[in-house]
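The values are calculated or read from the model by the stated rules, or taken from the named source; none is laboratory data. In this text, all values refer to a predicted model and were calculated from it rather than measured experimentally. As a convention, Cβ positions derive from the backbone with ideal geometry for all residues, glycine included, and neighbour counts pool all protein chains shown. Ligands, DNA and RNA are stripped out before the accessible areas are found, and what is left, the full protein with its side chains, is counted by its heavy atoms. Shrake-Rupley method; radii C 1.70, N 1.55, O 1.52, S 1.80 Å.
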Amino acid sequence: QVQLVESGGGLVQSGESLRLSCTASIHIDNSYAMGWYRQAPGKQLEVIAIIADDGHATYVDSVRGRFTISRDTVNNTMTLQMTELKVEDTAVYYCNVPLRGGGYLRPWGQGTQVTVSS
């Protein structure tokens, strides 16, 4: 059973920064992409950022320029650096591994709560 543990969430004010981490219990090599996702209250889960197997990063329009995804394959860690946070960024944030054939490497975990106040 692969374990991906999200951490780093918290309560911040608009305009502040926060860094989220995702740590894997096993080594996940660069043949797999990894991604950050979030779900706001009453809304569906959405993809936020994907870092592909070649290291290329893509972002949803609402976070592009503010969020940065990175990956440390040696330490089995993925990071989401969030800056200029907005109230609409409030959500539970999750990490996972999207599979080429569809689906994900693991079920959605506990995630980490990010709350941004005005």
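Table for the structure above
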quantity: Segment 56-118 - percent relative contact order, Cα under 8 Å, separation 6 or more; calculated: 27
quantity: Rounded to 5, percent antiparallel among DSSP beta bridges of the chain; calculated: 85
quantity: For segment 81-117 and segment 25-39, distance of Cα centres in Å; calculated: 12
quantity: Relative contact order of the chain, pairs being alpha-carbon contacts under 8 Å that are 6 or more residues apart, as %; calculated: 36
quantity: With DNA, RNA and ligands ignored, accessible area of residue 68 (1.4 Å probe; Å², nearest 10); calculated: 70
quantity: Counted charge near residue 91, where neighbours are those whose Cβ lies closer than 9 Å (Asp, Glu -1; Lys, Arg +1); calculated: -1
quantity: With DNA, RNA and ligands ignored, accessible area of residue 88 (1.4 Å probe; Å², nearest 10); calculated: 130
quantity: Solvent accessible area, Å² - residue 86, 1.4 Å probe, full protein context; calculated: 80
quantity: Residue among 15, 101, 55 with the largest mean-square fluctuation in a Gaussian network model of the chain, springs linking Cα atoms under 10 Å; calculated: 101
